[in-house]
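Worksheet: one structure, shown below.
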Amino acid sequence: MRLFDIPAHLPFLDCLADGVLRAIPGEAPERLSRVTILLPTRRSARALRVAFLRAAEGRALLLPRMRALAGLSTEDADELALPALLDLPPSVEPLRRQAVLAGFVQRLPRERGGPTSPEQAWSLAGALATLFDEIALEERDLDLLADSPPEALNEHWLERLAALVPDTHAAHWQITLAFLRGVMAQWQHWLETEGLLDIGMRRAQALRVQTLAWQQEPPGDPVIAAGIGVGGTIPAAEALLRVIARDLPQGAVVLHGVDQDSAEQVWDAIADSPTHPYCGQQRLLRALGAVREDVRRWPGCEQAAPGVPADRPALLGMALRPAAGLPAWQARRPDRWRAAMQGITQLTAPDAQAEAVAIALTLREALEDPRAHVALVTPDRDLARRVTAELARHGVTADDSAGETLGQTPAGAFLRLLAEAVASEFAPVPLLALLKHPLCAGGWPRGRWVGAVRLLERVALRGARPAPGLDGLRA
């Protein structure tokens, strides 16, 4: 079994690119073009392209085929080009699915779990779509997905959902099941009529078709699955990774940060600790029928991380240990951990804004060194937006790798203000917020428009409130 590991404290994509270049030596620029690399997201695929350019040091290259594997969810994934996939019906578009489900949901009476407004119906349809995807993706019997008709699959899943909560303890659960049974039946009938597959179902079936194709005709060119499994992997993706690691002559699965230092009982306990960062990979190794001794170091990462104390990874591993590893903290070893603590600072901020200001100042100070690269790693999107805004005050434009939601863009904010103004029947405050937006100018020069808005505010919107609507403003 060809399983490899890049330690968590090393730059994953740089090490991956360096290892691929070592594994496929030569000076011909097209030597990499036959390699296929499967990654968890499209964003990581784009970043890997840049890592290859850094590792090539200016040499011309034809880069490998890089795909985002649908191993974690239905979002942000690509499908490999296989003739067998043409036999599968296409998947429904996400927005079309949500709109159709919203129509089904609105027909349900309120006492049966139906929505009270169109907005609630739209939100409930989105939650239902996510549930349907998760049910399809988490199905472990892959033959069941391929061979069972949709009606039998729905009934099978509903039976399993019904067994989650005993009847005597949750009467409302029966209402929920009746709600799901009705919507699932209508949804499957609509899909059959339109000749489409649900998104999660097609992703799972596509992975199954990919697995069978590579089992029957293993590709002779290298196939590398890298960085998949950190947060968990769906069963169909586990089967594909097993084929890559075992059956492909030049296949390899590269994991990120397999814990090689923890004691055996700690390592076994990680699989039962869902919040531990290695839990997903521990379960993936079990699904692959492997142990951590089967995992070798990736050839492109022998070097140590620059500027990282040698014991820092071990210290972080100790801090994140599950309950089975807590006795290790009963033995105090300050001398060992003193070097690992160098450069670590704790700041207790009174509120979120003070925290963002402090982080922005720290990043700005680090950038005094023109060679410095700094990063903020946080799961808190609100904090990230606050820090980005504070950095802009210092003349620093932050590259937010999570992207920007449509509602936060200038165009999205303008559309939100427009909708709010219409919904409020052009009340003074929402109207002025809309008219003063930079994208609002009515085809006039910006200076003339701003002057007209100020005049409107002084003459018509101060004092007695106008009657609702545009007629009230005209009066």
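The values are calculated or read from the model by the stated rules, or taken from the named source; none is laboratory data. Just so it is clear, the model here is predicted, and its values are computed rather than measured. Cβ sites come from the backbone with ideal geometry, for glycine too, and all protein chains shown count toward neighbours. Note: areas computed on protein heavy atoms with side chains; ligands, DNA, RNA excluded. Shrake-Rupley method; radii C 1.70, N 1.55, O 1.52, S 1.80 Å.
Of note:
- Residue-span extension gain [Ala475 to Gln186] - 0.36 nm each, minus C-alpha spacing: 99.0 nm
- Residues whose amide H falls under 5 Å from that of Ser424, counting only those 5 or more places apart or on a different chain, are absent, with hydrogens built in the peptide plane.
- Cysteines without a disulfide-compatible neighbour (Cβ-Cβ under 4.7 Å), the chain: Cys279, Cys440
- FRET efficiency estimate (nearest 0.05) - Cβ-Cβ, Ala423 to Arg364, R0 51 angstrom: 0.80
- Summary of the geometry: region 24-46 and region 356-412, compared by the centres of their Cα atoms, lie 31 Å apart.
- Treating r as the C-beta distance of Asp247 and Leu347 and R0 as 41 Å, the FRET efficiency rounds to 0.20.
- Shape class for region 200-239: oblate, because the ratio a/c of the largest to smallest gyration tensor axis (alpha-carbon atoms, square roots of eigenvalues) is 1.5 or more and b/c is at least a/b.
- Rolling a 1.4 Å probe over the protein chains gives Glu420 an accessible area of about 100 Å².
- Shape call, region 315-436: gyration tensor on alpha carbons, a/c limit 1.5: prolate
- Fraction of accessible area attributable to carbon and sulfur, region 354-408 (%, probe 1.4 Å): 53 percent
- Considering helices alone, the calculated mean residue ellipticity of the chain at 222 nm is -15000 deg cm²/dmol, with DSSP H runs of length four and up weighted by -39500 (n - 2.57) and normalised per residue.
- Given +1 at the Cβ of Lys and Arg, -1 at the Cβ of Asp and Glu and no other charges, the dipole of the chain around its Cα centre is 1680 debye to the nearest 20.
- Given the choices (i) 23.1; (ii) 20.3; (iii) 32.4, mean projected area of the Cα convex hull in nm² derived from the coordinates of this structure is entry (iii).
- Residue list for region 380-407, given a label point 7 angstrom along the Cα-to-Cβ vector of Leu439 and an amide N cut-off under 12 Å: 406-407
- Tensor-based shape of region 8-50 (alpha-carbon gyration tensor, a/c under 1.5 rounded, otherwise prolate or oblate): oblate
- Accessible-area composition of region 250-292, carbon plus sulfur, in percent [1.4 Å probe]: 47 percent
- Entry comment: accessible area of the chain is 57 Å² per residue, from protein heavy atoms only and a probe of 1.4 Å.
- His394-Glu151 pseudo-label distance in nm [points 7 Å out on the Cα-to-Cβ vector]: 6.5 nm
- Sorted from longest to shortest, the spans of the Cα atoms of region 237-290 along the three principal axes equal 34, 20, 17 Å.
- Based on Cα contacts under 8 Å between residues 6+ apart, the chain shows a relative contact order of 16 percent.
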